[in-house]
Amino acid sequence: MSWLDRQSFLGADSKRRLAEFTVGLVGLGGGNSHVAQQLAHAGIGNFVLADVDRISPTNLNRLIGGKWWHVLMRTAKIVIMKRMILAINPKARIEVHRKQWQVVGDAFRRCDIIVGGVDNVRGKDELDAFCRRFLIPYVDQGMDVHKLAGGQGHLVAGQVVLSEPGSPCLRCLGIVTDEALVEESRNYGAAGGRPQVVWSNGVLASLAVGLVVQMVTTWCRRARPGAYLAYDGNSGLVTEAERFRRCSGTTCTHHPQVAVGDMSFDIRNFIARGKSGERPRFRRIEWLIGPVRRWSVGSLI
């Protein structure tokens, strides 16, 4: 009996597809540590990991695989994740980079899908732009805690978004805004760590993993490109965001189709232009749009 037999409903060829698929994980904190563990259990065969940080005591409330021994040894998060994945699936092929992901963009260009575990708006914007250029589906996770009025406690809320060509981007959906970027830049270094708890990270990560598996296998056909799943941690409900329903089917104006597939795109130039206030310029390379295709639900079923 194979270790993946109980998920054979994913499709007759799902084991091979999962083993051949490459997932990039940017940031290996609370959310993506769940994602790494679950994808390994699901049978994903190839990983590209990027994170510069070492584990710290404050990570232990949410970092899957993290132990006090790792804190004492100041172990890098990518080392913890690699060991965890291999302990689940010794045949997994794992490429690790203890660097900013922008420096190793060529490695992430080879991924079939990228899952972001970054907690800042600038990072989300850069990842979305990078993935749009190279026709790579991007799954973004976000979580926050809001104090309720009248001393009624706190609201734990979050979202998981699948951004891909043909669907609304993070800017279309209001997750990335110029105002948020300016505010984040103004408060950089002063805001401190954002609240995070293991159970809400786990819910969001499971939703992200479900979207990844849908991209690989034939178990469920999505009604339309992209997704925006909103999570209310207080009620335990997950719903499709109304903003996504309104935006779905409209043309994204932030990432023009003439720029999709632009092999001259360099994320480091995009970052530099963003810091200078200059809008990124796109080369018109229309000949790439037609023949270039990434993995998608439509191409797999």
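Could you tell me which of Leu155, Leu229, Leu181 has its Cα farthest along the dipole of the stretch 142-243 towards the positive end, charges placed at Cβ (Lys, Arg +1; Asp, Glu -1), taken about the Cα centre? It is Leu229.
Can you work out the accessible area per residue across the stretch 1-41, with the rest of the protein chains kept in place, probe 1.4 Å, in square angstrom?
45 Å²
For the residue pairs Lys77/Lys99; Lys77/Lys147; Lys67/Lys147; Lys91/Lys124, alpha carbon separations beyond 23 Å are given by Lys77/Lys147; Lys67/Lys147; Lys91/Lys124. When the surface is traced with a 1.4 Å probe over the full set of protein chains, Asp144 keeps roughly 40 Å² accessible. Note on the stretch 213-262: with neighbouring protein chains present and a 1.4 Å probe, carbon and sulfur make up 51 percent of its accessible heavy-atom surface.
Nothing charged except the Cβ atoms of Lys and Arg (+1) and of Asp and Glu (-1): what's the magnitude of the dipole of the stretch 109-233 about its Cα centre? Round to the nearest 20 debye. That gives the stretch 109-233 a dipole magnitude of about 360 debye.
May I ask you to give the percent of accessible area on the stretch 36-108 that is carbon plus sulfur, with a probe radius of 1.4 Å?
Accessible surface attributable to carbon and sulfur in the stretch 36-108 totals 55 percent.
Here the Debye sum runs over all C-alpha atoms of the stretch 1-96 as equal scatterers in vacuum, and log10 of I(q)/I(0) at q = 0.10, 0.12 Å⁻¹ comes out as -0.28, -0.39.
The values are calculated or read from the model by the stated rules, or taken from the named source; none is laboratory data. Everything numeric here is computed off the predicted structure, so don't read it as measured data. Ideal geometry is used to build each Cβ from the backbone, glycine not excepted, and the neighbour counts take in all protein chains shown. Just the protein is used for accessible areas: all its heavy atoms, side chains included, with ligands, DNA and RNA removed. Shrake-Rupley method; radii C 1.70, N 1.55, O 1.52, S 1.80 Å.
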